[in-house]
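A.B. asks: Take this structure first; my questions come after.
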Amino acid sequence: MDSLEEAKAAVVEQFSLFDEWLDKYEYLIELGKDLEAFPVEHKTDEHLIEGCQSRVWLDTELRDGRLYFRADSDAIITKGIISLLIGVYSGRRPEEIASDDFSFVEAIGLRENLSPTRANGLSSMIARIRAEAKAQMS
Amino acid sequence: MVPIEQAKEYPMTLEQARKRFPQLEETVYGKPLVYLDHAATSLRPLEVVRCWEEVSFRKNANLHRAVHYMAQQATAAFEEARATVASFLGAASPREIVFTPGATAAANLLATCLGQSRIEGGHRVAEPYIGAGDCLLVAESEHHSNLVPWQMLCERTGARLVVLPVEEDGSYNLTRLEEALKAAPKLFCIAHISNVLGLINPIAEMAALCHRAGCRVVVDGAQGIVHADVNVCEMGADYYFFSGHKIYAAPGTGVLWARAELLDELPPYMGGGEMIDHVRWEGSTWAEPPYRFEAGTQNLSGVPTLVPALRLLQELRGPEMLANALAVRDYVWEQLLAIQGLRLYGNPSDRSLKVPIFSFSIEGVHHEDLALLLDKMGVAVRSGQMCAEPLMGRIGVTGMVRASFAPFNTLQEAETFIKSLHKAIGMLR
Ligand SMILES: Cc1ncc(COP(=O)(O)O)c(C=O)c1O
């Protein structure tokens with residue numbers, strides 16, 4: 001597995017390949033469509049992330065000292081964004097996730113290109129991933 | 001200049017109309033902006049900004065309060081706006097026109113004051129119009145601004161709120177209204193045109209039924225004033241309100257109209273300067289309407305912009321503009337209905353009722369995704385609950401996309417919208 005730094009750099013590089021924001025969205029849509037199916041029974045209020053305009057669910061599992069995330073959303077671009085996040089952070093140690101600054105999100109310019117409500121949603125997703133990691137720190 | 005009542009006959013061309021709005025020349029993400037969110041707020045035309053500038057630079061003084069020249073100028077500009085609004089609405093007199101910060105503010109003023117002791121013969125004596133046990137009827141498709149203030153009034157007074165259900169096609173059934181009136185509601189609150197459904201409601205017929213049942217009618221004209229000819233007397237409404245910013249005027253302006261005798265009985269809303277007759281420690285007495293409801297320094301730069309704004313609104317209803325607006329509406333309507341899996345909300349068989357406000361959802365596609373992609377293609381539309389959550393619940397959706405057009409949107413812009421919509425759906429499905 002790539003290191004966290006490598007995984008983030010790969011995303012930044014991938015995004016730099018597209019000139020147009022529409023192409024970046026197309027990429028996010030593909031990520032969203034390719035995301036592993038999320039079990040319906042996990043779509044509970046407990047897994048729902050507050051503060052997103054569209055509904056986003058995040059499910060966390062700790063295995064062998066590493067955190068594994070699964071997620072879903074009823075909006076495909078949001079699903080692509082959460083997919084991007086869990087693609088980078090899933091399978092890492094809680095300490096590593098909790099201490100990361102998530103600044104690669106700024107580097108790809110994602111936040112500025114979302115509507116204010118979606119940018120809030122993005123912050124909520126990041127906060128939730130961090131909180132899950134903190135909760136699992138031994 | 002032609003009088004405002006005749007401005008409609010002024011043959012403004014599409015090209016002339018578009019020149020009034022510099023924002024039409026903007027590009028976003030390197031693409032020409034196609035602004036289709038006029039129902040949220042209109043674009044600002046040159047004459048409104050110039051009026052604001054003129055008043056701010058040359059007629060700036062506080063209103064009514066001083067004898068000096070500038071105060072007279074400012075007051076004259078403000079009162080000219082009142083007279084213009086009165087004539088535009090077909091009100092009996094300018095004293096029936098109350099300026100407010102907007103439609104929401106007007107609804108709150110009304111909902112607050114109707115729950116307080118009425119004024120009779122200048123004294124605050126009589127029972128409130130709305131009190132414990134009274135019933136209020138509110139249409140199901142209302143904007144939160146014509147709904148939440150009434151809920152709050154019910155909470156304060158112990159009155160009861162009853163909902164008049166909307167039909168499948170977005171219209172209201174008069175027989176159902178007659179049924180609902182059997183519960184003897186004292187107030188019926190409905191939009192002239194819903195900001196979601198975009199249909200002109202039959203206010204005159206509704207008001208006739210309501211009045212026969214002793215029920216007053218509050219009409220939210222925030223969208224009605226934009227798209228329909230309004231004559232408050234012929235319409236038979238008791239209260240009508242709207243925002244200036246949706247009809248090209250400065251934001252922070254708004255109007256509440258009520259028949260003179262209904263304004264007379266309303267107690268003041270906010271206390272402060274200008275709304276009083278005498279102030280003494282043992283109590284104060286109130287100014288006559290409309291000043292009774294205009295406490296504090298008014299929007300002295302904004303309100304005068306209603307004059308050029310209303311004139312423009314009339315000019316935009318001239319023959320060439322009307323023909324363009326109809327062609328655009330019909331094109332968009334037809335193209336939307338041809339999209340597979342698209343549900344259009346407010347789709348009447350009587351075509352004359354539909355204004356160019358199109359709210360829709362598309363099977364298998366989230367409204368937010370659609371709006372986001374359209375934005376990146378330069379097309380500005382609204383998405384979400386459109387401040388009408390109960391209606392969303394009734395229809396069974398978490399939100400919609402809304403494209404709302406102005407008379408000066410071109411057929412070419414409409415085509416760009418439809419093309420972009422197809423492209424976005426293709427990406428998302
Ligand atoms: C039908 C309707 N009513 C009320 C409002 C509220 O207007 P404002 O926010 O300007 O007070 C709006 C606009 O959003 C509207 O469309």
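A.B. asks: Evaluate the distance, in nm, between pseudo-label points positioned 7 Å from the Cα of B:ARG351 and of A:LEU48 along their respective Cα→Cβ axes.
C.D. replies: Each label point lies 7 Å from its Cα, and together they span 4.3 nm.
A.B. asks: If contacts are Cα pairs under 8 angstrom and at least 6 residues apart, what is the relative contact order of the stretch B:270-317 in percent? Don't skip to the end; give the middle numbers.
C.D. replies: Values: 39 pairs, mean separation 15.4, N = 48.
Once normalised by length, the contact order is 32 percent.
A.B. asks: Hey, another quick one. Using a 10 angstrom cutoff on alpha carbons, build the Gaussian network for chain B and name the most mobile of B:CYS113, B:CYS233, B:CYS215.
C.D. replies: Highest fluctuation among the options: B:CYS233.
A.B. asks: Compute for chains B and A the buried accessible surface, both sides summed, probe 1.4 Å, and express it in Å² to the nearest 100.
C.D. replies: Numbers: alone 18090 and 7380 Å², together 24060 Å².
Chain pair B/A: roughly 1400 Å² of buried accessible area.
A.B. asks: Whole-Hz ³J(HN,Hα) for each residue in the stretch B:92-104, computed from phi via Karplus 6.51 cos²θ - 1.76 cosθ + 1.60 with θ = phi - 60°, x for glycine and proline: what do you get?
C.D. replies: 5, 7, x, 6, 8, 9, 10, 8, 9, x, x, 5, 4
A.B. asks: Next up: Per residue of A:12-23, how many C-beta atoms from partner chains lie within 10 Å of its own C-beta, taken as a mean?
C.D. replies: Values: counts 0, 0, 0, 0, 0, 0, 0, 0, 3, 7, 9, 1.
Rounded to a whole number, the mean comes out at 2.
A.B. asks: With each run of n ≥ 4 DSSP H residues scored as -39500 (n - 2.57), what mean residue ellipticity at 222 nm is computed for the protein assembly as shown after dividing by its residue count and rounding to the nearest 500 deg cm²/dmol?
C.D. replies: Numbers: 21 runs with 229 residues, N = 567.
For the protein assembly as shown, the value works out to -12000 deg cm²/dmol.
A.B. asks: Let me ask another. Can you put B:MET152, B:MET270, B:MET321 in order of accessible area, largest first, using a 1.4 Å probe?
C.D. replies: Working: B:MET152 85, B:MET270 110, B:MET321 0 Å².
Correct descending sequence by accessible area is B:MET270, B:MET152, B:MET321.
A.B. asks: With a ≥ b ≥ c the root eigenvalues of the C-alpha gyration tensor of the protein assembly as shown, is it rounded (a/c under 1.5), prolate (a/b larger than b/c) or oblate?
C.D. replies: Details: a/c = 1.87, a/b = 1.67, b/c = 1.12.
Prolate, because a/c is 1.5 or more and a/b exceeds b/c.
A.B. asks: So what J values fall out for the stretch B:108-115 if you push phi through Karplus, 6.51 cos²θ - 1.76 cosθ + 1.60 with θ = phi - 60°, rounded to Hz, Gly and Pro as x?
C.D. replies: Those phi angles translate into 5, 4, 4, 5, 6, 6, 5, x Hz.
A.B. asks: For the stretch B:102-147, what does the alpha-carbon gyration tensor say about shape, rounded, prolate or oblate, given a ≥ b ≥ c as the root eigenvalues, a/c under 1.5 as rounded, and a/b over b/c as prolate? Write out the running numbers ahead of the final one.
C.D. replies: Working: a/c = 4.02, a/b = 1.67, b/c = 2.40.
Here the stretch B:102-147 falls in the oblate category.
A.B. asks: Hey, another quick one. For chain B, set up a Gaussian network in which alpha carbons nearer than 10 Å are linked by springs, and say which option among B:ALA40, B:ALA132, B:ALA77 fluctuates the most.
C.D. replies: Comparing B:ALA40, B:ALA132, B:ALA77 in the GNM, the peak value goes to B:ALA132.
A.B. asks: Give me the distance in nm between label points sitting 7 Å out from Cα along the Cα-to-Cβ direction at A:ASN120 and B:ALA83, one decimal.
C.D. replies: Result: 4.6 nm between the two label points.
A.B. asks: Full-extension gain between B:THR27 and B:HIS68, please, as 0.36 nm times their residue separation minus the C-alpha to C-alpha distance. Please report the intermediate quantities before stating the final value.
C.D. replies: Numbers: separation 41, 0.36 × 41 = 14.76 nm, distance 4.61 nm.
Full extension of this stretch gives 10.1 nm more.
A.B. asks: Bin all alpha-carbon pair distances of the stretch B:287-429 at 10 Å intervals from 0 and give each bin's fraction as a whole percent.
C.D. replies: For the stretch B:287-429, the binned pair fractions read 10, 32, 28, 19, 9, 2, 0 percent.
A.B. asks: Ok, one more. Answer with one residue from B:ALA250, A:VAL12, B:GLN385: the one whose Cα lies farthest towards the positive end of the charge dipole of the protein assembly as shown, charges on Cβ with Lys, Arg +1 and Asp, Glu -1.
C.D. replies: The Cα lying farthest towards the positive end belongs to B:ALA250.
A.B. asks: About its Cα centre, how strong a charge dipole does the stretch B:18-122 have in debye, to the nearest 20, once Lys and Arg get +1 and Asp and Glu get -1 at the Cβ? Write out the running numbers ahead of the final one.
C.D. replies: Values: 12 positive and 10 negative charges, 28 e Å.
The calculated dipole for the stretch B:18-122 is roughly 140 debye.
A.B. asks: Find the cysteines in chain B that fail to meet the 4.7 Å Cβ criterion with every other cysteine, and list them.
C.D. replies: Flagged as lacking a Cys partner: B:CYS51, B:CYS113, B:CYS135, B:CYS154, B:CYS189, B:CYS233, B:CYS387.
A.B. asks: For the stretch A:4-136, what does the alpha-carbon gyration tensor say about shape, rounded, prolate or oblate, given a ≥ b ≥ c as the root eigenvalues, a/c under 1.5 as rounded, and a/b over b/c as prolate?
C.D. replies: Values: a/c = 1.59, a/b = 1.21, b/c = 1.31.
Since a/c reaches 1.5 but b/c is at least a/b, the shape of the stretch A:4-136 is classed as oblate.
A.B. asks: In nm, give the distance between the simple-model label positions of A:MET1 and B:SER284, each being 7 Å from the Cα along the Cα-to-Cβ direction.
C.D. replies: Computed distance between label sites A:MET1 and B:SER284 equals 6.8 nm.
A.B. asks: Work out how much length B:HIS211 to B:ASN173 would gain on full extension: take 0.36 nm times their residue separation and subtract the Cα-Cα distance, in nm to one decimal.
C.D. replies: Working: separation 38, 0.36 × 38 = 13.68 nm, distance 1.69 nm.
That pair, B:HIS211 and B:ASN173, stretches by 12.0 nm at full extension.
A.B. asks: Further question: With +1 on the Cβ of every Lys and Arg and -1 on the Cβ of every Asp and Glu, and nothing else charged, how large is the dipole of the stretch B:170-235 about its Cα centre, in debye rounded to the nearest 20? Walk me through the numbers before you get to the answer.
C.D. replies: On the way: 5 positive and 6 negative charges, 58 e Å.
Dipole of the stretch B:170-235, to the nearest 20 debye: 280 debye.
A.B. asks: List, in order, the whole-Hz ³J(HN,Hα) value for each residue of the stretch B:305-321 obtained from phi through the Karplus relation with A = 6.51, B = -1.76, C = 1.60 and θ = phi - 60°; use x for Gly and Pro.
C.D. replies: For the stretch B:305-321, the Karplus-derived couplings read 5, 5, 5, x, 5, 5, 4, 5, 3, 5, 4, 6, 9, x, x, 5, 5 Hz, x marking Gly and Pro.
A.B. asks: If ligands, DNA and RNA are left out, what is the accessible area of B:ASP375 with a 1.4 Å probe, given in Å² to the nearest 10?
C.D. replies: 50 Å²
A.B. asks: Moving to a separate point now. So what is the relative contact order of chain B, in percent, for Cα pairs below 8 Å that sit 6 or more residues apart? Provide the component values of the computation, followed by the final result.
C.D. replies: On the way: 846 pairs, mean separation 96.8, N = 429.
Taking the mean separation of contacting Cα pairs over the length of chain B, I get 23 percent.
A.B. asks: Out of all DSSP beta bridges in chain B, what portion is antiparallel? Express it as a percent rounded to 5. All intermediate terms of the calculation are to be shown ahead of the outcome.
C.D. replies: On the way: 33 of 52 bridges.
The antiparallel proportion sits near 65 percent.
A.B. asks: Ordering A:HIS42, B:HIS366 by accessible area with a probe of 1.4 Å, largest first, what comes out?
C.D. replies: Numbers: A:HIS42 50, B:HIS366 20 Å².
Ranking A:HIS42, B:HIS366 by accessible area, largest first, yields A:HIS42, B:HIS366.
A.B. asks: Alpha carbons only, please: Rg and Dmax for chain B, in angstrom.
C.D. replies: Spelled out, the Cα radius of gyration and Dmax of chain B are 22.2, 71 Å.
A.B. asks: Further question: Pick from B:TYR29, B:TYR345, B:TYR240: which is most flexible by mean-square fluctuation in a GNM of chain B where alpha carbon atoms under 10 Å apart are linked?
C.D. replies: With Cα springs under 10 Å in chain B, the top fluctuation among B:TYR29, B:TYR345, B:TYR240 is at B:TYR29.
A.B. asks: Then there is this: If you take every DSSP beta bridge whose two residues both sit in the protein assembly as shown, what share of them, in percent to the nearest 5, is antiparallel?
C.D. replies: Numbers: 43 of 62 bridges.
Rounded to the nearest five, the antiparallel share is 70 percent.
A.B. asks: Just how large is the dipole of the protein assembly as shown about the Cα centre, in debye to the nearest 20, putting +1 at every Lys and Arg Cβ and -1 at every Asp and Glu Cβ? Show your work: numbers first, answer last.
C.D. replies: Numbers: 54 positive and 75 negative charges, 185 e Å.
About 880 debye.
A.B. asks: Going 7 Å from the Cα of A:ASP64 in the Cα-to-Cβ direction, what parts of the stretch A:72-93 have a backbone nitrogen less than 12 Å from that spot?
C.D. replies: Of the residues in the stretch A:72-93, A:91-92 have backbone N under 12 Å from the label point off A:ASP64.
A.B. asks: Roughly how tilted is helix B:148-157, in degrees to the nearest 10 and between 0 and 90, from the longest Cα axis of chain B?
C.D. replies: Tilt relative to chain B: about 30 degrees.
A.B. asks: Which order, highest average first, do B:323-330, A:70-77 follow once you tally other Cβ atoms within 10 Å for each residue and take the mean per peptide?
C.D. replies: On the way: B:323-330: 17.0, A:70-77: 23.5.
Order by mean packing, descending: A:70-77, B:323-330.
A.B. asks: Please list, by residue number, every one of the GluC sites (Glu not before Pro) in the stretch B:276-341 that is coil in DSSP and has at most 10 other beta-carbon atoms within 10 Å. Please list the in-between numbers first.
C.D. replies: Working: sites: B:GLU282, B:GLU294, B:GLU315, B:GLU320, B:GLU334; in loops: B:GLU282, B:GLU294.
Of the GluC sites (Glu not before Pro), the ones in loops of the stretch B:276-341 whose Cβ has at most 10 other Cβ atoms within 10 Å are B:GLU282.
The values are calculated or read from the model by the stated rules, or taken from the named source; none is laboratory data. Since the model is a prediction, treat every value here as computed from it, not as a measurement. All Cβ positions, glycine included, derive from the backbone under ideal geometry; neighbour counts span all protein chains shown. Note: areas computed on protein heavy atoms with side chains; ligands, DNA, RNA excluded. Shrake-Rupley method; radii C 1.70, N 1.55, O 1.52, S 1.80 Å.
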